[in-house]
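Chemist: Take this structure first; my questions come after.
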Amino acid sequence: MAGRDLVDAVLAGRPGAFERLVREHQGLCWHIIVRLVRNPEDARELCQDTFLRVHRCLHQYRHESALKTWIGRVAYSIALRHLERRRIPIAGLEDDDGYAAIENVGGDFDLEAACADEELVRHLHAAIETLPPLQRMLLTLYYLEELPIVQIAAITGLAGGTIKSHLFRSRLRLRNALEAGKGVAV
Amino acid sequence: MNDADEHEWQAQERALQAERLGLDATDDDARLRRYRLLARTLRQPLPDTLPLDFASQVAARLTAPPAEMAPVSGRFESILLGVLAGLLVVCAAVVLARDGQAWLPAIRATLPAADVQDLRWLLAFVGCLGCSWLLWQGPRRVH
């Protein structure tokens, strides 16, 4: 069922239509919210709030963007408000070049040969958790959801260049953290 | 972005594409291998997920009766009711303690004079209170 048909079915109150809408978009909402708020319990509640609001406001959806983008935007704004209420800063490493400078990154050291893959992945996961909420979410949308930068921009309201910069810096930071964590001289 | 940044960005993007397409990594340099490892890690499903019946749970919330839709406001109302009832009892106790001694002789004086007519009115009043209470209890049991 196409997005427009699904929206019409939900608005007409057709049985099972809303449940289907939730099932088709819950993955995206989960990735946006859990990466921003981190706490799974809070994230589950906020996901539920997102879909209740989607149901309440669906008549306002004008098909100007993809349904996925529109729902993603609702999830993003709900998670953002949650972080604001708790005074948690959403972005952080805007200009901490000391951490993300290319010069700091090791050159030819064969990291993979030095450590077991599993251990490296564990180390990377820990490093990802230390990223600020926005960067964590952007990486997940880009890698796991495979959304293009244009669509991420439509969801978050950020400029494409800003998203690109966040992705670049956080990837560089993770690469740096990966090598620094293994005691590589940088 | 300067040239070095642009070069690094291209390496990050190449690694992502290589992971998406599942390309062979034997010819990759060390930098590309690290970014591929990063891409592989970021593409793994998150450990926490939504419950399997999440969609049906959300849909069920929409069809739930209003009392279940707004448990917070219901709870707030009952707490408020309890607080107000408590306040009423405290006020009544204070007034009784302060003015009770003055009322007692007046009540005693009226009691012997009360005739059968007064008693009937009193019974009718108690009956009305009982009926109201029963009518109020009925709808609550339905919920």
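The values are calculated or read from the model by the stated rules, or taken from the named source; none is laboratory data. Predicted model only: the values in this text are computed from it and were never measured. Methodologically, a virtual Cβ is constructed for each residue, glycine included, from the backbone with ideal geometry; neighbour enumeration extends over all protein chains shown.
Chemist: Output the helices (runs of 4 or more DSSP H) that fall wholly within the stretch A:120-186 and possess 2 or more residues being surrounded by fewer than 16 Cβ atoms within 10 Å (Cβ to Cβ), or say none.
Modeler: Correct list: A:160-181.
Chemist: Continuing with the same structure: When residues of the stretch A:162-186 are filtered for being polar (S, T, N, Q) and at pLDDT below 95, how many remain? Before the answer, list the steps.
Modeler: We begin by selecting, within the stretch A:162-186, every residue polar (S, T, N, Q); these are A:162, A:165, A:170, A:176.
Checking the rest, the ones that are also at pLDDT below 95 come to A:176.
Matching residues across the stretch A:162-186 total 1.
Chemist: Which residues, taken from the stretch A:46-63, are within 10 Å of another protein chain (Cβ to nearest Cβ) and polar (S, T, N, Q)?
Modeler: A:Gln48, A:Thr50
Chemist: Tally up the residues in the stretch A:43-69 that are of a type in the set (Asp, Glu) and not in a loop (DSSP other than H, G, I, E, B), please.
Modeler: Restricting attention to the stretch A:43-69, the residues satisfying the condition of being of a type in the set (Asp, Glu) are A:45, A:49, A:64.
Okay, now just the ones that are also not in a loop (DSSP other than H, G, I, E, B), so A:45, A:49.
So the answer is 2.
Chemist: When you scan the stretch B:1-56, how many residues do you find that are under 12 Å from A:Arg175 (Cα atoms) and either among the aromatic types (Phe, Trp, Tyr) or not in a helix (DSSP H, G or I) (or both)?
Modeler: Going through the stretch B:1-56 one residue at a time, the tally reaches 1.
Chemist: Follow-up. Condition check: modelled with pLDDT under 95 and of a type in the set (Asp, Glu). Does A:Asp42 satisfy that? Give the derivation first.
Modeler: Values: modelled with pLDDT under 95: no; of a type in the set (Asp, Glu): yes.
No: the conditions fail for A:Asp42.
Chemist: Another one. Tally up the residues in the stretch B:1-14 that are more than 9 Å from chain A (Cβ to nearest Cβ) and in contact with a helix residue (DSSP H, G or I) (Cβ under 6 Å, 6 or more places away or on another chain), please.
Modeler: Counting residues in the stretch B:1-14 that are more than 9 Å from chain A (Cβ to nearest Cβ) and in contact with a helix residue (DSSP H, G or I) (Cβ under 6 Å, 6 or more places away or on another chain) gives 1.
Chemist: Also: Considering the stretch B:106-143 alone, what residues qualify as being of a type in the set (S, T, N, Q) and modelled with pLDDT under 65?
Modeler: B:Gln137 - this is the single residue of the stretch B:106-143 that is of a type in the set (S, T, N, Q) and modelled with pLDDT under 65.
Chemist: With the condition kept exactly as written, say whether any residue in the stretch B:39-50 is within 18 Å of A:Glu179 (Cα to Cα), at the interface with chain A (Cβ under 9 Å from one of its Cβ atoms) and over 47 Å from the mean Cα position of the chain (by Cα).
Modeler: The answer is no; no qualifying residue exists.
Chemist: Continuing with the same structure: Go through the stretch B:14-54 and count every residue that is surrounded by fewer than 14 Cβ atoms within 10 Å (Cβ to Cβ) and among the β-branched types (Val, Ile, Thr).
Modeler: Number satisfying all stated conditions: 1.
Chemist: If a residue must be over 28 Å from A:Gln26 (Cα atoms) and within 50 Å of the chain's Cα centre (by Cα), how many such residues does the stretch B:1-14 contain?
Modeler: 8
Chemist: Only residues that are without any contact (Cβ under 8 Å) to a residue 12 or more places away in the chain, more than 10 Å from chain B (Cβ to nearest Cβ), within 17 Å of B:Gln12 (Cβ to Cβ) and not small (Gly, Ala, Ser): list them for the stretch A:140-180, please.
Modeler: A:Leu147, A:Pro148, A:Thr162
Chemist: Which of the residues that make up the stretch B:85-102 are loosely packed, with under 10 Cβ neighbours inside 10 Å and not hydrophobic (A, V, I, L, M, F, W, C)?
Modeler: B:Arg98, B:Gln101, listed by residue number.
Chemist: Looking at A:Glu24 and the list (1) crowded, with 17+ Cβ neighbours inside 10 Å; (2) over 14 Å from the mean Cα position of the chain (by Cα); (3) closer than 20 Å to A:Glu145 by Cα, which single condition is not satisfied?
Modeler: (1)
Chemist: Could you please tell me which pairs satisfy a Cβ distance under 8 Å, a separation of 6+ or placement on different chains, a first residue in the stretch A:13-33 that is over 17 Å from B:Ala59 (Cβ atoms), and a second residue that is aromatic (Phe, Trp, Tyr)?
Modeler: The qualifying pairs are A:Ile32/A:Tyr76.
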